[in-house]
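> Below you will find the structure I want to go over with you.
The values are calculated or read from the model by the stated rules, or taken from the named source; none is laboratory data. Please read all numbers here as calculations on a predicted model, not as lab measurements. Note that we place each Cβ from the backbone using ideal geometry, even for glycine, and neighbour counts take in every protein chain shown. Keep in mind that these areas ignore ligands, DNA and RNA; they rest on the heavy atoms of the full protein, side chains included. Shrake-Rupley method; radii C 1.70, N 1.55, O 1.52, S 1.80 Å.
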Amino acid sequence: DTAVSQTPKYLVTQMGNDKSIKCEQNLGHDTMYWYKQDSKKFLKIMFSYNNKELIINETVPNRFSPKSPDKAHLNLHINSLELGDSAVYFCASSQVLSGGGETQYFGPGTRLLVL
Amino acid sequence: EDQVTQSPEALRLQEGESSSLNCSYTVSGLRGLFWYRQDPGKGPEFLFTLYSAGEEKEKERLKATLTKKESFLHITAPKPEDSATYLCAVQALGTGGFKTIFGAGTRLFVKA
């Protein structure tokens, strides 16, 4: 009964390769996110999707492309991987609360290492 | 510029020694302030949401408070299992929807 799941958990690959990370949520939430957590443990938002529409696209390289086949899935595709892409990538989902904010539920993370 | 600053970076406590973590923020159009706990190798786990100055929330040994410029996470009589990184995040209106800005976190170590 995992709420937000990601695959794979670990990903080791060579520079220049293309890879994808998958995310699924079974909470029925409308919005999903991708975050990058660097070696200093700082979380930064990369993308968010609401009902299959991109609503926030922070300044990330266009080598990164989110793909949402349906409301429950938001996959992250990365082209031409670089050393600096090594990080932990977290998927999250959220629903608007009655007070007007949102609470985000995070997946376990995908640890990407580019060699 | 929107900013979230957490202090201290790291905090070492003895079991039972109460203390507070600080999260100060500058953001326009605040929608909510969130506290999360993150254990090593895991994703952040939601703790509290605060919406307006003066609001307080409690959960077991944790109590979160909010003013117009900062939030505190008070830990009363902590136990070793409270050791984790505590993250503060502020949500505000952004282009096309909400934007969430995280602080760098406070690493808490509680020694038995």
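> Considering every residue within the range A:60-75, establish whether at least one is open to solvent by 10 Å² or more (accessible area, probe 1.4 Å), within 12 Å of another protein chain (Cβ to nearest Cβ) and touching a Lys or Arg at 6+ places or on another chain (Cβ under 9 Å).
Just the residues of the range A:60-75 that are open to solvent by 10 Å² or more (accessible area, probe 1.4 Å), to begin with: A:60-73, A:75.
In the following step, the residues that additionally are within 12 Å of another protein chain (Cβ to nearest Cβ) were identified as none.
No: the range A:60-75 contains no residue that is open to solvent by 10 Å² or more (accessible area, probe 1.4 Å), within 12 Å of another protein chain (Cβ to nearest Cβ) and touching a Lys or Arg at 6+ places or on another chain (Cβ under 9 Å).
> If you scan the range B:32-46, which residues turn out to be crowded, with 21+ Cβ neighbours inside 10 Å, at the interface with chain A (Cβ under 9 Å from one of its Cβ atoms) and part of a strand (DSSP E or B)? Please lay out each step first, then the result.
Step one: list which residues in the range B:32-46 are crowded, with 21+ Cβ neighbours inside 10 Å, which gives B:32-36, B:38, B:43-44.
Still in the running and at the interface with chain A (Cβ under 9 Å from one of its Cβ atoms): B:32-34, B:36, B:38, B:43-44.
Within the range B:32-46, B:Gly32, B:Leu33, B:Phe34, B:Tyr36, B:Gln38 meet the criteria.
> Would you confirm whether any residue within the range A:101-115 is crowded, with 16+ Cβ neighbours inside 10 Å, away from chain B (no Cβ under 12 Å), modelled with pLDDT of 95 or more and in contact with a Phe, Trp or Tyr (Cβ under 8 Å, 6 or more places away or on another chain)?
Yes, some residue in the range A:101-115 is crowded, with 16+ Cβ neighbours inside 10 Å, away from chain B (no Cβ under 12 Å), modelled with pLDDT of 95 or more and in contact with a Phe, Trp or Tyr (Cβ under 8 Å, 6 or more places away or on another chain).
> Could you tell me whether B:Lys111 is modelled with pLDDT of 95 or more and either more than 14 Å from chain A (Cβ to nearest Cβ) or open to solvent by 10 Å² or more (accessible area, probe 1.4 Å) (or both)?
Numbers: modelled with pLDDT of 95 or more: yes; either more than 14 Å from chain A (Cβ to nearest Cβ) or open to solvent by 10 Å² or more (accessible area, probe 1.4 Å) (or both): yes.
Spelling it out, B:Lys111 is indeed modelled with pLDDT of 95 or more and either more than 14 Å from chain A (Cβ to nearest Cβ) or open to solvent by 10 Å² or more (accessible area, probe 1.4 Å) (or both).
> Let me ask another. So which residues in the range A:76-87 are among the charged types (D, E, K, R) and either under 16 Å from A:Lys22 (Cβ atoms) or open to solvent by 50 Å² or more (accessible area, probe 1.4 Å) (or both)?
Pass one, the range A:76-87, residues among the charged types (D, E, K, R): A:82, A:85.
Of everything in the range A:76-87, just one residue is among the charged types (D, E, K, R) and either under 16 Å from A:Lys22 (Cβ atoms) or open to solvent by 50 Å² or more (accessible area, probe 1.4 Å) (or both), namely A:Glu82.
> Would the range B:68-77 turn up any residue that is open to solvent by 70 Å² or more (accessible area, probe 1.4 Å), without any contact (Cβ under 8 Å) to a residue 24 or more places away in the chain and charged (D, E, K, R)? It would help to see each step written out before you state the result.
Filtering the range B:68-77 down to residues open to solvent by 70 Å² or more (accessible area, probe 1.4 Å) leaves B:68-69, B:76.
Subsequent filtering for residues that are without any contact (Cβ under 8 Å) to a residue 24 or more places away in the chain retains B:68.
Add one more test, that the residue is charged (D, E, K, R), and what stays is B:68.
Yes, that holds for at least one residue.
> Do we find that B:Gly103 is in contact with a Gly (Cβ under 8 Å, 6 or more places away or on another chain), crowded, with 18+ Cβ neighbours inside 10 Å and either within 14 Å of chain A (Cβ to nearest Cβ) or in contact (Cβ under 8 Å) with a residue 24 or more places away in the chain (or both) in this structure? Break it down stepwise before answering.
Working: in contact with a Gly (Cβ under 8 Å, 6 or more places away or on another chain): no; crowded, with 18+ Cβ neighbours inside 10 Å: yes; either within 14 Å of chain A (Cβ to nearest Cβ) or in contact (Cβ under 8 Å) with a residue 24 or more places away in the chain (or both): yes.
Judged against the criteria, B:Gly103 is not a match.
> Now for a different question. Restricting attention to the range B:12-31, and to residues there that are at pLDDT below 90 and not in a loop (DSSP other than H, G, I, E, B), which single residue is least open to solvent (accessible area, probe 1.4 Å)?
First, pick out the residues of the range B:12-31 that are at pLDDT below 90: B:27-31.
With not in a loop (DSSP other than H, G, I, E, B) added as a condition, the list becomes B:30-31.
Values: B:Leu30: 56, B:Arg31: 86 Å².
Taking the candidates together, the pick is B:Leu30.
> Separate question: Taking the residues in the range B:47-92 that are closer than 22 Å to B:Arg107 by Cβ and part of a loop (DSSP other than H, G, I, E, B) as candidates, determine which candidate is nearest to the other protein chains (Cβ to nearest Cβ).
Checked the range B:47-92; the qualifying residue nearest to the other protein chains (Cβ to nearest Cβ) is B:Ser83.
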